[in-house]
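Notes follow once the structure below has been shown.
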Amino acid sequence: MFLAPVILRTHKPDPTLTSFEIIPNTYVIGGAIQSLVSRRTVLGLHGTGSWRGKLLADLSDASYLLSSARTDTWERTGEDLRGSVTIYMWDRVSQEVAVLADPLGAGIVYRFDDGKDYAVSSDLRSLVRFLESRGKKLTRSAKYAACLIVTGCGGLYPSSYEEIDSLDHFQYLLFSRSTVRVGSYSIKQRVLNNENTYEDDLLETYQEILDCTQAAADAKHENKIAHLTGGFDSRVVLAALLKLGRQDDFKYYCLPSPKVDRDVAEGLALAFNLRMTEWSGANWSILPGSVDEQFLGSMVRSEGILPSAPDIGMITAGSLMLQGGYGEFYRAYYYKDMAAAVKAGPVALAAQMWGGRGYPAEGVESIFAQEYADDVALRLGKLVDEGLEHGVRADAIPDYLFMRVRNRYFVGNQSREWSGIGSQFDTLYGFGGLSATYKLDFDTRKSNVFGFDLLNMLNPSLIRYPYAKPAFDWKYKQLRQVPDVLQFDTSASPQIDARPGTRAARRNGSSPAAPSDTQIERANRLNIPANRIAQVDYAAPRLLPMIEEAKEHDPAFSSVFNMDALMAKINAPTQTSADINLILTMYSSCLWLTGKDKDVWP
């Protein structure tokens, strides 16, 4: 079963696919092509989003809503998508198939072209399975994996397979009877080059959030859940629900650790009379039977793109889950002004952004092989030049890179992967925040003044409650008056619903050990989930043999890493969350590259 359609254009007719043919030599596999009598037909929907203020969570939603767009241009239809979503549509009059991703490109569209077959899908796993069924030889990419290990996300390399690339942001794809054309959304210019005032951008963002939140609140899902943490972004999601008076339509979920996050979430729930839940909105068909399966489950579902995607053992739960990942647009993602590094060149910028593992200080060896380091820097430099040409100020280039890379391959892609389990929607998706923050100087962006101004517009009391870490820096105090703090009531607890139903069995009846008290204590000290400490304690002593196996399995592995420097780094103590992330991502990537997933899920 495909999670998204695969669209195939062949250089000559394929008689084995006749039942899937929609126009000459063009086939829709896994799409709704049974009834094509309407002017426009929705062939498929992948992910969750909204369109003109209404939620798109399944094919029936999309078919009903998009029927009103029968005379719109493809560009206009696609530009009104919000969220990590891709739609597939057919136009009977023009005889065209359109693959429309959301403008920011979170609904990544992957494509393969070997001169004989041109195949695309927004679900990489569906695309890979289809191509392999046609006898295509695909190579898991050590280059993608190395970038994932060092930077924490993909994107500089477009996919986890050497032979597959992807559409860029603000792009869509159009199949006609004679051509395959990549189109561009003109809204890109409005986002990057508008002349709105700060107040205009703030008001636009405010309205975008309310429109997305209204769409979610009006959705038909029986179980609606909103993430609530000790941070800022989930607080904006809550503020919009409070503004609309729809907070009681949702239950609120927070992981049990880090403890400070949970304490703040429970404090907010008590202050605003919210009902919490221990259920994330996901159900399981079968739980991982080993730690290796915990690592591999996410990599299998995302086909090597994300080590933190939902697990392959999870199943559709029929829930709606709200998150606020796009709140990163309102402030500086990095905590250091990198304007000088931008001007110095991509190597200097990479060293600033990624902590020196790939591009360390002079006298320290990089864990990247030199040729690979040069290629990464070249790709990064092209994106920097692109941003500068669009008029992005030098000190905002790192945030432009966040939009171009991490936001798509981590934040947005994670939402879309979760939409295979429940309808996950980021209600902070929008363009006004991007437009505003690109115009602000670094210190003002870093202070999150735009975000806090937005929060005040939605709910002026929410800003006053404690956060998991200090929220107001020196620049904010210079620009705005810091609000008086409202302390949480610690004498009571909010109502918290238990997880519904029974837990699924574990594969082979085995069970990974739960985090120990010592591991939980370490996790709270580092402000990370306790299971990550348990995982790193398991993975660290097994990593060196796994690396040796990866080298034997794939010669390209040694061509992307400086093995001596890599071994030295891995043997060093894991003292920070960054050290832990390196070990965990390296281990899951090695499992993936060596095909260990095929031993568990043939």
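The values are calculated or read from the model by the stated rules, or taken from the named source; none is laboratory data. The model shown is predicted, which means the values in this text are computed figures rather than measured ones. Glycine also receives a Cβ, built like all others from the backbone with ideal geometry; neighbour counts cover every protein chain displayed.
Restricting attention to the range 412-428, the residues that are among the β-branched types (Val, Ile, Thr) and surrounded by 24 or more Cβ atoms within 10 Å (Cβ to Cβ) total 1. For the range 56-84, the tally of residues that are more than 19 Å from Glu417 (Cα to Cα) and under 20 Å from the mean Cα position of the chain (by Cα) stands at 3.
Each residue in the range 175-193 was checked for being more than 17 Å from Phe431 (Cβ to Cβ) and crowded, with 19+ Cβ neighbours inside 10 Å, and 1 of them qualify.
In this structure, does Gly83 turn out to be within 25 Å of Gln189 (Cα to Cα), surrounded by 21 or more Cβ atoms within 10 Å (Cβ to Cβ), assigned by TED's automatic domain parsing to the domain that holds Arg177 and modelled with pLDDT of 90 or more? Steps first, please.
Working: within 25 Å of Gln189 (Cα to Cα): yes; surrounded by 21 or more Cβ atoms within 10 Å (Cβ to Cβ): yes; assigned by TED's automatic domain parsing to the domain that holds Arg177: yes; modelled with pLDDT of 90 or more: yes.
For Gly83, the condition - within 25 Å of Gln189 (Cα to Cα), surrounded by 21 or more Cβ atoms within 10 Å (Cβ to Cβ), assigned by TED's automatic domain parsing to the domain that holds Arg177 and modelled with pLDDT of 90 or more - is met.
Report yes if Arg129 is touching a Phe, Trp or Tyr at 6+ places or on another chain (Cβ under 9 Å), crowded, with 20+ Cβ neighbours inside 10 Å and part of a helix (DSSP H, G or I), otherwise no. It is false that Arg129 is touching a Phe, Trp or Tyr at 6+ places or on another chain (Cβ under 9 Å), crowded, with 20+ Cβ neighbours inside 10 Å and part of a helix (DSSP H, G or I).
Scanning the range 356-379 for residues that are buried (at least 16 other Cβ atoms within 10 Å of the Cβ) and outside any helix (DSSP H, G or I) turns up Arg357, Gly358, Tyr359, Pro360, Ser366, Ile367, Phe368, Ala369. Quickly run through the range 135-162 and pick out the residues that are modelled with pLDDT of 95 or more, in a loop (DSSP other than H, G, I, E, B) and either touching a Pro at 6+ places or on another chain (Cβ under 6 Å) or surrounded by fewer than 22 Cβ atoms within 10 Å (Cβ to Cβ) (or both). Result: Gly135, Lys136, Lys137, Leu138, Thr139, Pro158, Glu162.
Conditions (1) of a type outside the set (Gly, Ala, Ser); (2) more than 30 Å from Ser558 (Cβ to Cβ), marked per residue:
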site: Gly387; (1), (2): no, yes
site: His390; (1), (2): yes, yes
site: Arg406; (1), (2): yes, no
site: Val411; (1), (2): yes, yes
site: Phe425; (1), (2): yes, yes
site: Gly430; (1), (2): no, yes
site: Met457; (1), (2): yes, yes
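Could you list, in sequence order, all residues of the range 189-220 that are more than 19 Å from Val449 (Cβ to Cβ) and modelled with pLDDT of 95 or more? Walk me through how you get there before you give the answer.
From the range 189-220, those more than 19 Å from Val449 (Cβ to Cβ) are 189-195, 207, 210-220; that's our starting set.
Listed by number, the residues that qualify are Gln207, Leu210, Asp211, Cys212, Thr213, Gln214, Ala215, Ala216, Ala217, Asp218, Ala219.
The sole residue among Gly324, Gly304 that is surrounded by 22 or more Cβ atoms within 10 Å (Cβ to Cβ), modelled with pLDDT of 90 or more, farther than 27 Å from Phe368 by Cα and not hydroxyl-bearing (Ser, Thr, Tyr) is Gly324.
Quick check on Ala69: is it surrounded by 17 or more Cβ atoms within 10 Å (Cβ to Cβ), in contact with a Leu (Cβ under 6 Å, 6 or more places away or on another chain) and of a type outside the set (S, T, N, Q)?
On the way: surrounded by 17 or more Cβ atoms within 10 Å (Cβ to Cβ): yes; in contact with a Leu (Cβ under 6 Å, 6 or more places away or on another chain): no; of a type outside the set (S, T, N, Q): yes.
No; evaluated as a whole, the condition is false for this residue.
Each residue in the range 340-352 was checked for being surrounded by fewer than 23 Cβ atoms within 10 Å (Cβ to Cβ), of a type in the set (A, V, I, L, M, F, W, C) and under 26 Å from the mean Cα position of the chain (by Cα), and 2 pass. Kindly indicate whether any position in the range 125-136 is under 22 Å from the mean Cα position of the chain (by Cα) and over 25 Å from Leu43 (Cα atoms). No - not one qualifying residue is present in the range 125-136. In summary, helices (runs of 4 or more DSSP H) completely within the range 481-586 and bearing 1 or more residues that are closer than 20 Å to Tyr144 by Cβ and at pLDDT 90 or above occur at 530-553, 556-560, 563-571. Just one of the listed residues (Asp597, Asp579) is without any contact (Cβ under 8 Å) to a residue 12 or more places away in the chain and either in contact with a Pro (Cβ under 9 Å, 6 or more places away or on another chain) or within 18 Å of Leu287 (Cβ to Cβ) (or both), and it is Asp579.
Can you spot a residue in the range 429-440 that is under 29 Å from Ala145 (Cβ atoms) and crowded, with 20+ Cβ neighbours inside 10 Å?
Of all residues in the range 429-440, those under 29 Å from Ala145 (Cβ atoms) come to 429.
Applying the additional criterion that residues be crowded, with 20+ Cβ neighbours inside 10 Å yields 429.
Within the range 429-440 (the criterion being under 29 Å from Ala145 (Cβ atoms) and crowded, with 20+ Cβ neighbours inside 10 Å), the answer is yes, since at least one residue qualifies.
Select from the range 1-24 the residues that are surrounded by fewer than 20 Cβ atoms within 10 Å (Cβ to Cβ) and at pLDDT 95 or above and write down the one among them that is farthest from Leu124 (Cα to Cα). Break it down into steps so the answer makes sense when it comes.
Pass one, the range 1-24, residues surrounded by fewer than 20 Cβ atoms within 10 Å (Cβ to Cβ): 1-3, 9-24.
Cutting the leftovers down to at pLDDT 95 or above gives us 9-10.
Values: Arg9: 17, Thr10: 19 Å.
Per the criteria, the residue is Thr10.
Just to be sure, is Gly30 crowded, with 19+ Cβ neighbours inside 10 Å, more than 27 Å from Thr71 (Cβ to Cβ) and in contact with a strand residue (DSSP E or B) (Cβ under 9 Å, 6 or more places away or on another chain)? In short, yes.
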